[in-house]
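Novice: Could you have a look at this structure, given as structure tokens, before my questions?
The values are calculated or read from the model by the stated rules, or taken from the named source; none is laboratory data. Here the structure is a predicted model, which means the values were calculated and not measured. Here the Cβ is made from the backbone with ideal geometry for all residues, glycine too, and neighbour counts use every protein chain on show.
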Amino acid sequence: MATDYDEVRPDVAESRNASLEALKSANTPDAGSVVREMDEADTVDGVDLPGADLSGEELIIQVVPQASDEFTCYSCFLVRHRSQIAREKDGHAYCTECEG
């Protein structure tokens, strides 16, 4: 008689069915209530809504100039170290990641 080794063992199948029944009978919240709770939490935290007046806010950014051993990749526009130059063409440098 041939044995099908891909078939699920009876003890595994029973435990799988039992755990599925336990999940179905458990008191779990429905998806709608979870979404409502998440939405309420977002509004409580003070999320900025589109069209909010931000004219009174001041943005402070410290700009660090490009160092002499750095270049700006002409493909991805990221500032990289000179050791990452893959090629230069027409006065533009390309990094190893863009040329990789």
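Novice: Enumerate the pairs (first residue in segment 62-75 and part of a loop (DSSP other than H, G, I, E, B); second residue anywhere and of a type outside the set (D, E, K, R) and surrounded by fewer than 12 Cβ atoms within 10 Å (Cβ to Cβ)) with beta-carbon separation below 7 Å, excluding pairs fewer than 6 apart on the same chain, so at least 6 apart or on different chains.
Specialist: Every condition considered, the pairs that remain are D69/H81.
Novice: Right, another one. Quick check, is N17 exposed (fewer than 10 other Cβ atoms within 10 Å of the Cβ) and either at pLDDT below 80 or in contact with a Gly (Cβ under 6 Å, 6 or more places away or on another chain) (or both)?
Specialist: no
Novice: Next question, about the same structure. Taking segment 82-100 only, how many residues are of a type in the set (K, R) and surrounded by 12 or more Cβ atoms within 10 Å (Cβ to Cβ)?
Specialist: Result for segment 82-100: 0.
Novice: Let me ask something else about it. So which pairs qualify, if the first residue must be in segment 81-93 and closer than 16 Å to Q66 by Cβ, the second must be among the hydroxyl-bearing types (S, T, Y), the Cβ gap must be under 6 Å, and the two must be at least 6 apart or on different chains?
Specialist: Q84/T96; H92/Y74
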